[in-house]
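The values are calculated or read from the model by the stated rules, or taken from the named source; none is laboratory data. Every value quoted in this text rests on a predicted model; they were computed, and no experiment measured them. When we count neighbours, we look across all protein chains shown, and the Cβ atoms used for this are built from the backbone with ideal geometry, even at glycine. Heads up: the accessible areas ignore ligands, DNA and RNA and are worked out on the full protein's heavy atoms, side chains in. Shrake-Rupley method; radii C 1.70, N 1.55, O 1.52, S 1.80 Å.
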Amino acid sequence: MAEKMDRRKARTRAVLYKALIKVLEEKGPSRITVSDITEKAGLNRSTFYLHYTDAIDLLERVKADIWTGLSERMKNLNPYNYLSYAVKNEPDPAMVKVIEYYGEHADFFKVILGPNGDPAFAVRIKDFLKEHHLSKILDNRPDLADTIVPKDYMIAYFAASNLSILLNWIETGMQQSPRTIALMITSILSSGINQLYGISPNNGI
């Protein structure tokens with residue numbers, strides 16, 4: 001009986017999630033209501049309140065779940081690996097997993113990162129990349145701090161460009177495989193690191 005209830009609960013939440021995405025596409029996060037969501041889902045309000053306190057509660061829980069999965073994958077990225085994989089014309093496997101996650105949740109990312117989405121979510125991704133990923137590029141090379149492109153600007157540029165590539169991939173129907181997009185980002189980052197700072201697989205660390 002408990003297992004049956006859990007499956008029913010999961011199905012209901014999946015329906016509400018899909019309805020939330022549709023409402024976000026139409027109205028953006030600041031104007032969503034419980035009525036909007038339940039109408040799209042074909043459920044009554046009492047069913048909704050068995051799972052969430054209000055529309056914002058649903059949205060915030062979805063964002064938290066998506067973020068947990070994304071950050072778990074992004075924390076395994078190491079920019080120095082791009083250099084060695086790019087030389088072999090291969091995508092960094094950790095980057096492939098990140099791209100696959102974006103693909104699995106493309107409906108969410110297309111909306112939340114789009115014009116009617118939540119700018120704060122994009123900022124959160126960029127900040128994570130700056131603080132826990134791209135900043136590693138020069139952490140072991142303080143001698144490069146005074147180069148023509150300062151570290152902070154370089155990190156901001158790479159973080160924004162990565163996100164732009166991913167969003168374009170999603171918006172155009174994900175016609176390329178996650179490996180292809182991962183190789184693209186791997187190659188772009190590796191080339192930029194090498195050209196701007198002269199860091200190569202042999203002298204990067």
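Odds and ends about this structure:
- A dipole drawn for region 1-125 from +1 and -1 charges on Cβ atoms has a positive end, and of Ser84, Thr47, Tyr17 the residue lying farthest that way is Thr47.
- Taking region 1-137 and dividing mean pair separation by its residue count, relative contact order in percent (alpha carbons under 8 Å, at least six apart): 27 percent
- Counting only residues at least eight positions apart within a chain, or on another chain, the aspartates and glutamates with an alpha carbon under 16 Å from that of Lys40 are Glu25, Glu26, Asp54, Asp107.
- Rounded percent of accessible protein surface that carbon and sulfur make up, region 12-104, 1.4 Å probe: 47 percent
- Hull volume per residue, based on the alpha-carbon atoms of region 25-113 and their convex hull, is 108 Å³.
- Over 19 Å (Cα to Cα) - which of Lys22/Lys110; Lys88/Lys126; Lys63/Lys126; Lys18/Lys97 fall in this group: Lys88/Lys126; Lys18/Lys97
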